[in-house]
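The values are calculated or read from the model by the stated rules, or taken from the named source; none is laboratory data. Since we're looking at a predicted model, the values are computed, not measured. Backbone-built Cβ (ideal geometry, glycine too); neighbour counts: all protein chains shown.
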Amino acid sequence: MMLSIMEDCVNDAKQRLESIDEFRGFSILLMVLANYLAGPHVVPAWLKHAPDVGFTVIDIIAPMFIAAIGLTFGASFRARLARDGRRRAIEHFLFRNLALIGIGALFTVLGNLSGLAVDRSDWGLLQAIGFAGLITLVFIAVPARLRWLAGLLLLVAYQFQLNSFWLANVLSSTHGGLEGALSWGAMLVMATALGDLFHDVPKGRRWFPAASAGVLALGLLLAFIVPVSKNRVSASYVLIALGASDLIFWCFHMFDERFGRSIPILREWGRNSLLLYVMHGVLLGVFVMPQAPGWYELAPAWLVVLQALLMVGTLSWVGWVLDRRHFYVAL
């Protein structure tokens, strides 16, 4: 069974790079840990999202997943276009992203009702990714250079609206809410342009790390003017996070190229990313829902480490079993 949030991976073993699976798996594993660590008071601030302006190691996790989608979105769309035609290709991607929005909305409601959400919210990561995918679908058929320019213009438009009208609404919702989806969309549009550069083996791949570093440098320069903030999904944050994410992916790719091997645990997380992400919400309830003092929010450091290892270990085992049975669930 295979539905595919892996952007189809073109369903061709020759075109599939395990480094992309590993990078995707790494981002999902970190996302699971970040969601767990958001609650316990003993966890230091640098292992949680910055409250507003600022940048912590946790703030790069969602952009890493966006970058992973960007690495395969273009190739997947073109393969489906050639196989099924334009109408069916567009319908497929519309369904996929609308389904993500719907699943995310369901998770948000359940999280609020059950108390799993650290803060009550009307928005979530899956909604942001789904809307970003819909925005990207508008531009995915144009050449990569024009797509990069389109993403940059979307980012400029978002930052103008943020400065002028949207700041209060964006800060009141997680991941920037509906308004912030424009910025996440700009990130994914630019990520697909970088992804196409990476897949252009004879010409573009050697420029991929330099281009990623250039995006990071542009974001750092912009940070002198525009505050870096994941909560605002600010332009400087988007560029810094996207450039850094693709450089991290490049490290995975070079490791595989250099040593001729992949990282099994991360690869298996990447191949069943949506299912493991859904399952982590269930496991999180085991720790969040019991109202016993000292069990979660007031848990000591040793218990936090034990619970985190239990969650990651359980999901890693599930991913390993499913991979051995060639069972993959996505959209």
Meets criteria (among the aliphatic types (A, V, I, L, M) and either surrounded by fewer than 18 Cβ atoms within 10 Å (Cβ to Cβ) or modelled with pLDDT under 90 (or both)) for L221: yes
task: For segment 225-265, enumerate the residues that are at pLDDT below 95 and aliphatic (A, V, I, L, M).
output: M254, I263, I265
query: If you go through segment 248-284, how many residues are within 16 Å of G313 (Cα to Cα) and of a type outside the set (V, I, T)?
result: 16
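If a residue has to be outside any helix (DSSP H, G or I) and either within 10 Å of F23 (Cβ to Cβ) or within 21 Å of the chain's Cα centre (by Cα) (or both) to count, how many in segment 252-261 make the cut? Spell out how you get there, then give the answer.
Quick first cut of segment 252-261, residues outside any helix (DSSP H, G or I) only: 260-261.
Of the ones still in play, those that are also either within 10 Å of F23 (Cβ to Cβ) or within 21 Å of the chain's Cα centre (by Cα) (or both) are none.
Looking only at that region, the number is 0.
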query: Looking at (1) surrounded by 14 or more Cβ atoms within 10 Å (Cβ to Cβ); (2) free of Cβ contacts under 8 Å to residues at least 12 places away in the same chain; (3) not acidic (D, E), which is the only condition H199 fails?
result: (2)
query: Within segment 87-104, is even one residue touching a Gly at 6+ places or on another chain (Cβ under 8 Å), among the β-branched types (V, I, T) and closer than 20 Å to A241 by Cβ?
result: no
- prompt: Among the residues of segment 265-275, is any small (G, A, S), buried (at least 19 other Cβ atoms within 10 Å of the Cβ) and touching a Lys or Arg at 6+ places or on another chain (Cβ under 6 Å)?
  reply: yes
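Here is a list: W166, W148. Which entry is over 19 Å from A128 (Cβ atoms), among the hydrophobic types (A, V, I, L, M, F, W, C) and touching a helix residue (DSSP H, G or I) at 6+ places or on another chain (Cβ under 8 Å)? Working first, answer last.
Working: W166 fails: over 19 Å from A128 (Cβ atoms).
Answer to the selection: W148.
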- request: Evaluate the following for S245: is it part of a loop (DSSP other than H, G, I, E, B), out of contact with any strand residue (DSSP E or B) (no Cβ under 8 Å at 6 or more places or on another chain) and among the small types (G, A, S)?
  value: no
message: Taking the criterion of being closer than 30 Å to D21 by Cβ, crowded, with 21+ Cβ neighbours inside 10 Å, of a type in the set (A, V, I, L, M, F, W, C) and free of Cβ contacts under 8 Å to residues at least 60 places away in the same chain, would at least one residue in segment 165-185 satisfy it?
response: yes
- prompt: Restricting the search to segment 303-313, which residues are exposed (fewer than 15 other Cβ atoms within 10 Å of the Cβ) and of a type outside the set (G, A, S)?
  reply: V305, L306, L309, L310
statement: Per the list (1) of a type in the set (V, I, T); (2) surrounded by fewer than 24 Cβ atoms within 10 Å (Cβ to Cβ); (3) outside any loop (DSSP other than H, G, I, E, B), residue check on I240 breaks on (2)
message: Being outside any loop (DSSP other than H, G, I, E, B) and at pLDDT 95 or above is true for just one of L274, L284, L315. Which residue is that?
response: L315
- request: Given the conditions (1) over 22 Å from T108 (Cβ atoms); (2) in a helix (DSSP H, G or I); (3) without any contact (Cβ under 8 Å) to a residue 12 or more places away in the chain, report the number of the one that Q307 does not fulfil.
  value: (3)
